[in-house]
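So the structure is just underneath, and the comments pick up after that.
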Amino acid sequence: MSAARDPWMRLGLGLIATLALLALAGPLIGFDPDFIRLRARLLPPLSPGYPFGTDHLGRDIAVRLLIGLRWSMATAGLATLIAFLIGTGFGLVAASGRWPVAGLVRQVTALAQALPVFVLAAAIIAIVGNGYWAVVTTLGLVTWPVFARVVAAEAASLFSREYVLAAGMMQMSRTRLLVWHVMPGLVPSLAVLGAFHFADMLIAESALSFLGIGAPLGASTWGAMLSESRAYLLTAPWTLLVPAGAVVTVVIAFNLVGDALRRRFA
Amino acid sequence: MSAAPALRVEGLSIGTASGPESARGLVHGLSFSVAAGEVLGIVGESGSGKSLSALAVAGLLPEGVTVTGGQISVAGVDVLSLAPDARRRLGGSGIGFVFQDPLSSLNPVRRVGTALIESAMRHRGMGRAEAQALAIARLADMQLREPERLVDRYPHQLSGGQRQRVMIALALINDPPLLIADEPTTALDATVQRSILALLRRHSAGRGTILITHDLGVAVSLCDRIMVMHEGRLVESGPARALLSAPAMAYTKGLIAARLALAGAAS
Amino acid sequence: MQGYLKSGLRLTLDLGLLLLGTVTLLFFLLRLTGDPAIVIAGPDAAPDQIDAIRAEYGFDQSLIVQYARYVGNLLSLDFGESLVDGTPALVKVLDALPATLLLGALAMGLTLLVALPAGLWLGATQRRGVARAARAGLFLLQGFPGFVTALLLVQLFAIQLVWLPALGASGPSSWVLPAVSVASFLAPKLIRLVEANTAAVMPADFIRTARANGVPEREILYRHAAPNALLGAVALIGAQFANLVTGLVIIESIFAWPGIGWLLVQSTVNLDFPVVQAITFIIVIAVFLVNTLTDLLQRRLDPRLGVMPA
């Protein structure tokens, strides 16, 4: 079934598009999320003016959700991009096999895979401190083996196929071979991997900020919102359920797209 | 010993559930029988429906393929009207089946003797020790050396010929009235083929044996009667030698001619 | 015997390289922010304390010397003292280890208990509506990050229903929610993997042979197909270990379970670098051990010498 007609793909893409629009439109709405109104504490959803209710400091949950959306999409997006760039680079080098560097790269990749991502990320952020760039670069730097592994395997097989063809036919430089023949062949798997990786990065980032690692103190990230909700589980369950629902929705959206792409390209 | 033939098939039709109407019929109105002590060869090209017919008799048709008409009786029992459980039990006790590729047909992570022992325990109600003794005896019958050690081996440790002997032992361990062998020697070396075929012949006393093959020469050397199939239909059947020397149908003639051309001489 | 000796040597070499790599990584990370002495001393240290640390660790000396000393320290298991309470970092970590092992074992046991039969059944049942519904359910469940599931479970069972405690490690009833939460990290993926393996095995010829010999479907699944399907799964279970570690870290924090994961988070937040360092080291060793063990196990279980193709 063509990707465009797959109903799950449409659902996933639709969700993502909506979320992206919301994320981009955020600042235009112009609310101040830190506007603490203690008189409006812990209002349930669908209270007048507060579609998702307020949290323990009277802050509008809908607005905080939006800010968190921007943070989540931005961190997951950039982390995925970094992992993608580094991983693809390393993968291509490892697959080329010719240069002695390739062997070293393979060893490094194997080493990096042995370390649990989360532990490493936590350790690194413990050292470098909090902040957007810390989180993004850490996650990207720690997860690139995922891309490297896939690219190395696929590129190696593509190389042996295309190269043999090309070498027999014309004197093509390796770079041209790489750019025009091997890379396009990688696109399908990279697309699938990208979608799933985005979801994984989103989960990892929200787990980190849930634990208080990475995001600046007081930032309106979904993870932080979930963490704060713990004290009010009995009295105000929506402070947990709404951000939880948001996280789950985004993750499922990207999983849907990833799955649909995988069906399309398998 | 019942007087009923080991196998009687009447008007058997097999088809698929899906796909274009025109392509759905795979076997049409097939009728034949096999008497006890007789070896019947079913010969045809691939796609002629010979394997499917055998699988239908044994109740092993793949997903989406079903019997669409006809009757099958094994030793007088109407197989198609049996309850699923009873039908399942027929396998291993009423019908023995030998498949083409013994390597893929044996479970790679189980010892070779286990299937034999379990089959004897299941269908004969034997205890384990008794079943094990029977398994070893049967392997010896198949002219396998050191059967008491073979029982503990894994399939990948045996040669192709040894594996096929194990498969035959497995098919025959409960003395079924009907044995079906679907291309039993095709995956084996030429040198081994003859001995396997001879083995089948030797154990054909008292039961009906069906040998399915695309090789007319094999059929003639082993079988009492031969039946030729083409595109799901019975083309011709008769005593082996007679068929070879005086075929009635054009298709059969064509088969023989092709084989002669390949082999360079009649068997 | 000789083969074992060779393998043993090779393994030790691999472990050594892995540890060296980790130590090197930590070494350079420490210097990322400029002055490692500040990182080790912590944010509240006075300038003379920092100087003392600088001298003690030799940060005022050349890089090579520093590296050698650092590696020497770590490999002799001297991780320094916790900045929070002064106890040796390694002692703190080892104290917290049993709790984590308990939770890990419970969670892994639960996961295997649920995931293996479920995966087998799903792999063998392609068309029935129940199977489809189950698959859809699994897909949804995978969309829930582990800690979200944990929070929801706490909300339901500890807060609303008050059946189970929400915090701490006070006895068997307090084990339930944490173990289930960690299991929810691992189970969906494992179920899908086992399902795929089983679905690949069911059409095999030897399954057909078993049917031809009258073996009932149930027995076919569990005694003929399962050994083949699960053989590949052993490696997969090992690969899940990284997920297990992640799950433990997060869940221990949610439930204030006094294990290594909780300690890691606390130390990270407190910038207690010596402890973070010790934990990382231990975890790397653990991952290596698990990988090696699963590899060995797989070889022992498979009667053929190579690995079976899925």
Item to check | Count - residues of the range C:120-149 that are within 10 Å of another protein chain (Cβ to nearest Cβ), among the hydrophobic types (A, V, I, L, M, F, W, C) and buried (at least 18 other Cβ atoms within 10 Å of the Cβ) | outcome: 3
Checklist entry - Cβ-Cβ below 6 Å, separation at least six or inter-chain, first residue in the range A:232-257 and more than 9 Å from chain C (Cβ to nearest Cβ) and surrounded by 22 or more Cβ atoms within 10 Å (Cβ to Cβ), second part of a loop (DSSP other than H, G, I, E, B) and not aliphatic (A, V, I, L, M): which pairs? => result A:239/A:55; A:242/A:52
Item to check | Hey, residue C:182 among the β-branched types (Val, Ile, Thr), surrounded by 22 or more Cβ atoms within 10 Å (Cβ to Cβ) and over 30 Å from residue A:243 (Cα atoms) or not | outcome: no
Checklist outcome for this item: Conditions (1) outside any helix (DSSP H, G or I); (2) modelled with pLDDT of 75 or more -> residue C:34 fails only (2)
Item to check | For residue C:208: the one exception among (1) buried (at least 18 other Cβ atoms within 10 Å of the Cβ); (2) more than 9 Å from chain B (Cβ to nearest Cβ); (3) of a type in the set (Lys, Arg) | outcome: (2)
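For every residue, the table says whether it meets (1) under 28 Å from residue C:126 (Cα atoms); (2) within 13 Å of chain B (Cβ to nearest Cβ); (3) in a loop (DSSP other than H, G, I, E, B).
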residue	(1), (2), (3)
C:180	yes, no, no
C:186	yes, no, no
C:190	yes, no, no
C:214	yes, yes, yes
C:231	yes, yes, no
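Among strands (runs of 3 or more DSSP E) lying entirely in the range B:35-138, which contain 2 or more residues that are polar (S, T, N, Q)? Reasoning before the result, please.
Details: elements: B:39-43, B:65-74, B:95-98.
Output list reads B:65-74.
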Item to check | Residue count, the range A:207-231 (criterion: within 9 Å of chain C (Cβ to nearest Cβ) and not polar (S, T, N, Q)) | outcome: 8
Checklist entry - So which of B:27, B:74, B:43 ends up being within 14 Å of another protein chain (Cβ to nearest Cβ) and either crowded, with 19+ Cβ neighbours inside 10 Å or not acidic (Asp, Glu) (or both)? => result B:74
Checklist entry - Does any residue of the range B:85-93 turn out to be farther than 22 Å from residue C:216 by Cα and touching a Lys or Arg at 6+ places or on another chain (Cβ under 8 Å)? => result no
Next on the checklist: Taking the condition of being buried (at least 17 other Cβ atoms within 10 Å of the Cβ) and more than 7 Å from every other protein chain (Cβ to nearest Cβ), how many residues in the range C:155-170 meet it?
Outcome noted: 6
Checklist entry - Restricting to helices (runs of 4 or more DSSP H) lying wholly in the range C:79-169: which have 3 or more residues that are over 30 Å from residue C:220 (Cα atoms)? => result C:89-124, C:146-153
Item to check | Matching residues in the range B:145-200 - criterion: being within 13 Å of another protein chain (Cβ to nearest Cβ) and β-branched (Val, Ile, Thr) | outcome: B:166, B:168, B:173, B:180
Next on the checklist: Within the range C:252-274, does at least one residue satisfy the condition of being in contact (Cβ under 8 Å) with a residue 12 or more places away in the chain, under 26 Å from residue C:145 (Cβ atoms), away from chain B (no Cβ under 11 Å) and among the charged types (D, E, K, R)?
Outcome noted: yes
Checklist outcome for this item: Per the list (1) over 20 Å from the mean Cα position of the chain (by Cα); (2) surrounded by 20 or more Cβ atoms within 10 Å (Cβ to Cβ); (3) basic (Lys, Arg), residue check on residue B:241 breaks on (2)
Next on the checklist: Please count how many residues of the range B:249-267 are modelled with pLDDT of 70 or more and loosely packed, with under 12 Cβ neighbours inside 10 Å.
Outcome noted: 4
Next on the checklist: With the requirement that a residue be surrounded by fewer than 20 Cβ atoms within 10 Å (Cβ to Cβ) and closer than 22 Å to residue B:36 by Cα, what does the range B:205-219 give you?
Outcome noted: B:205, B:206
Item to check | helices (runs of 4 or more DSSP H) completely within the range B:208-267 that count 1 or more residues being under 28 Å from residue B:68 (Cβ atoms) and either without any contact (Cβ under 8 Å) to a residue 40 or more places away in the chain or not aliphatic (A, V, I, L, M) (or both) | outcome: B:250-263
Checklist outcome for this item: Expected output for the range C:192-218 (first residue more than 30 Å from residue C:141 (Cβ to Cβ), partner surrounded by fewer than 20 Cβ atoms within 10 Å (Cβ to Cβ) and among the hydroxyl-bearing types (Ser, Thr, Tyr), Cβ below 8 Å, 6+ apart or cross-chain) is C:205/B:104; C:206/B:104; C:214/B:93
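The values are calculated or read from the model by the stated rules, or taken from the named source; none is laboratory data. Here the structure is a predicted model, which means the values were calculated and not measured. Note that each Cβ is placed from the backbone with ideal geometry, even for glycine, and that neighbours are counted across all protein chains shown.
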